[in-house]
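For reference, the structure discussed in these notes is given below.
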Amino acid sequence: MMLIHCPYCDEKRPEIEFAYAGEAHIVRPNAAEQQAMDDVEWSKFMFIRDNKRGEHCERWWHANGCNMYFNAVRNTVTDKFIKSYKIGQKRPSAAQIQKWKDQANG
Amino acid sequence: MSSDIVFDQAVEIPDILKSGDVVTTLVGERTRLSLRVKAADRIAVAKALGITLPAKIGKTNTKAGIMIACLGPDEWFIVGEKAKYSNLYNKALKLSSKYVMSVTDVSFRNVAVELTGPKVAEIVNVGCPLDLSLAAFPVGKCTRTVYEAAPIILHRLSEDSFAMECWRSYAPYMVGLMTAHVQGQRV
Ligand SMILES: [Zn+2]
């Protein structure tokens, strides 16, 4: 079982306490924008994702813990979590992710 | 509510769990409140209620028979003897018109068992994957976690005792897993 770092609990906790919640940083259109969108645009927002191979920013929910959603960068090839960060923090740049990896490797 | 009415928690603790390395007891009826308060209002609300709301997730404050645990950034779980509560609940209800907060009486949603004995971590770890060493899970720590597939709230009462509570309908499942483990050990 993997241990996942929750940025709110500030602890590494067992994987089974968490639920995956899809790609992160997808901004929901506001009501006016939704009105202006046609079905194709709406379906893109709803269903079309990058499905990235490699370092992926994604949402996680600490369902059986602090009950908070947070974001994490995870490598979808190796399943390695690079960093978890709180909701509201911007999508990390490639340079930032590299820095986190360097820090983790000491 | 009349204090004469005893609520049947409808949970049986089998004899095999009542003796041995770890002794399991069913905790009697308790009052439980779920309190949600924005972090910014934590201190003001605590002051108005005359209680301490720990700021850090996992921390608890136990005073005068009332245990208050911080389960999330804006969530507290309050549990204790039922006589002491109606006041607290009513005060919190009144306050909720002034702050962005909510208080919910969840007394009958949960049942709790207390486990005591030198091998207590072992029986908790049957269903809960947390590190229960004293360094990682010190006395007083309380968190929501899992016992196999059932969500539980786990609270370390002392070095060798835990309180574990789950939704009432999950209790036969939780107690059943503990029983199967102890039966397996004594074959
Ligand atoms: Zn958490």
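Every number in this text was worked out from the coordinates using simple rules, so none of it is lab data. Not measured: the values here are computed from a predicted model. Every residue, glycine as well, gets a Cβ built from its backbone with ideal geometry; the counts of neighbours run over all protein chains shown.
Quantify how strongly other chains surround peptide A:16-29 by giving the mean number of their Cβ atoms within 10 Å of each of its Cβ atoms. Provide the component values of the computation, followed by the final result.
On the way: counts 6, 8, 0, 0, 0, 0, 0, 0, 0, 0, 0, 0, 0, 0.
Going residue by residue through A:16-29 and averaging, the value is 1.
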How long are the semi-axes of the ellipsoid equivalent to segment B:30-105, from square roots of 5 times the Cα gyration tensor eigenvalues, in whole Å, largest first? 17, 15, 10
Taking every residue in A:67-79, how many Cβ atoms of other protein chains lie within 10 Å of its Cβ, on average? 1
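If the chain between B:A135 and B:F108 were fully stretched, how many nm would it gain, using 0.36 nm times the residue separation less the Cα-Cα distance?
Gain in length upon complete extension: 6.4 nm.
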If you count, for every residue in B:149-155, the Cβ atoms of partner chains within 10 Å of its Cβ, what is the mean? 1
If you build the Cα gyration tensor of the protein assembly as shown and take the root of 5 times each eigenvalue, what three semi-axes come out, in whole angstrom, biggest first? 37, 27, 18
With a cut-off of at most 16 other beta carbons within 10 Å, and DSSP calling the residue loop, which trypsin sites (Lys or Arg not before Pro) in segment A:1-68 qualify? Please list them. A:R49, A:K52, A:R53
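So what is the relative contact order of segment B:5-88, in percent, for Cα pairs below 8 Å that sit 6 or more residues apart?
27 percent
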What is the Cα coordinate range of segment A:3-104 on the first, second and third principal axes, sorted by size from largest, in whole angstrom? 44, 31, 22
In terms of Cα to Cα distance under 27 Å, which lysines are near enough to A:K52, apart from those fewer than 8 places away along the same chain? A:K12, A:K44, A:K80, A:K83, A:K86, A:K90, A:K99, A:K101
On a 0 to 90 degree scale, rounded to 10, what angle separates helix A:94-104 from the longest Cα axis of chain A? 20 degrees
Under Stokes-Einstein, chain B at 10 °C and 1.306 mPa s, with its Kirkwood radius over C-alpha pairs, diffuses with a coefficient in µm²/s of 92 µm²/s
Place the peptides B:99-109, B:169-179, B:141-151 in order of packing, highest mean first, counting for every residue the other Cβ atoms within 10 Å and averaging per peptide. B:141-151, B:169-179, B:99-109
